[in-house]
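Participant: Please find one structure pasted underneath; my questions will follow.
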Amino acid sequence: MTKRDPQSSPLYAKTQQLAVHIRAFVHDVWRVDADRDLLRQLMRSGASVGANYREAWYAESTSDFIHKLKIARKEASETLYWLDLLDGELSSESRHQLDICRALTNDIIYMTSASVRTVERKLRKRT
């Protein structure tokens, strides 16, 4: 597998943007005590997307690469779940941040799914 700099990847850039926007969203709504447990979960899953994607770049095999991409996609899906649960009475700024996070997360799910399909297709052609 040819190695490139993970930071040159559009998907990597999306995961970085997601982490930044989730942090801003959490900071904005932290004062709502009832949501703090959900906000912690959101921070964990949202940051994990990029960490798992970065791990995929250093996979030991093509199968390991696919597996790690699928983990990143699962973490993105979990992030959507926490965003949905937090989607209640929000200020307009918080609503804007949540919408950005949701859009970035959906983009990441789409991009990781496409990457998995592409790599699996190439893997099947080899055999």
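Participant: Inside the stretch 99-127, can you point out the residues that are more than 29 Å from I22 (Cα to Cα) and of a type in the set (D, E)?
Facilitator: Hit for the stretch 99-127 is E120, nothing else.
Participant: Is it the case that the stretch 83-93 has a residue that's hydroxyl-bearing (S, T, Y) and over 19 Å from A13 (Cβ atoms)?
Facilitator: yes
Participant: Given (1) at pLDDT below 95; (2) in a helix (DSSP H, G or I), where does E89 come up short, assuming only one miss?
Facilitator: Unmet for E89, out of (1) at pLDDT below 95; (2) in a helix (DSSP H, G or I): (2).
Participant: In the stretch 104-127, which residue that is loosely packed, with under 14 Cβ neighbours inside 10 Å and aliphatic (A, V, I, L, M) is modelled with the highest pLDDT?
Facilitator: Selected residue: A114.
Participant: Identify the residue in the stretch 11-69 that is among the β-branched types (V, I, T) and part of a helix (DSSP H, G or I) and, among all such residues, is nearest to R102 (Cα to Cα).
Facilitator: Among those that are among the β-branched types (V, I, T) and part of a helix (DSSP H, G or I), it is I22.
The values are calculated or read from the model by the stated rules, or taken from the named source; none is laboratory data. For clarity, every value in this text was computed on a predicted model and none was experimentally measured. Note that each Cβ is placed from the backbone with ideal geometry, even for glycine, and that neighbours are counted across all protein chains shown.
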